[in-house]
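The values are calculated or read from the model by the stated rules, or taken from the named source; none is laboratory data. Just so it is clear, the model here is predicted, and its values are computed rather than measured. Ideal geometry is used to build each Cβ from the backbone, glycine not excepted, and the neighbour counts take in all protein chains shown. Protein only, heavy atoms only, side chains kept; ligands, DNA and RNA dropped before computing areas. Shrake-Rupley method; radii C 1.70, N 1.55, O 1.52, S 1.80 Å.
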Amino acid sequence: SASFGCEDDGISVPIPLGFNFRYYGNVYTEVTASSNGWLSFLPQNTWYNLNATIPTAASPNAVLAVMWDDLDGLAGPNPGTIYYYHDVAENKFIVSWVDWAFYSTSPNFSMQAIFDVNNNSIKMQYMGTFSQTDVTVGIENETGTDGLLVAYNQQYIHDSLAIRFASAPEGFQPAHYM
């Protein structure tokens, strides 16, 4: 496991996943983490602290908005840290925001994004008190033309919430009904 020490408005260098991960028809091997609650499969040069709806062609793209908002690791009672870990035995990659707060100060909360290459799914998990009403939660493709919006500018996240995104297995054909 490792971490990077950005407490407010920071962005990581691309972090190797340790495996190939299929996402919206593309294969990715690394992810970039923002201190503002999102990940991207594309290299980024800014932290984009103002959340937006999904999909949008505006950056960041190839995004996983775990809880995209203006977050601050120094605003709560404990300093926040972003950890990442490649679980080789379980074939998973985990990014955790631990002890974060909203920019305007709030109780600390934690959240995770778990990439599971076994079934090509992404799970987002939340722990703590969430009162913010202007967050974005969802996923988006590389061009910003397709996405799955879970929440935008509404109070949705709560303690012990888990959201799972999964794609159909390769070659899967949906049934057609007459």
THR56, THR133, reordered so the largest accessible area comes first (probe 1.4 Å): THR133, THR56
TYR24-LEU50 pseudo-label distance in nm [points 7 Å out on the Cα-to-Cβ vector]: 2.1
About the Cα centre, charge dipole magnitude for the chain (Lys/Arg +1, Asp/Glu -1 at Cβ), debye: 400
Convex hull volume of the range 1-96 per residue (C-alpha atoms, cubic angstrom): 100
Kirkwood Rh in Å, taken over all unlike Cα pairs in the chain: 16.3
19 Å cut-off, amide nitrogen to a point 7 angstrom out along ALA57 Cα→Cβ, residues in the range 135-156: 140-148
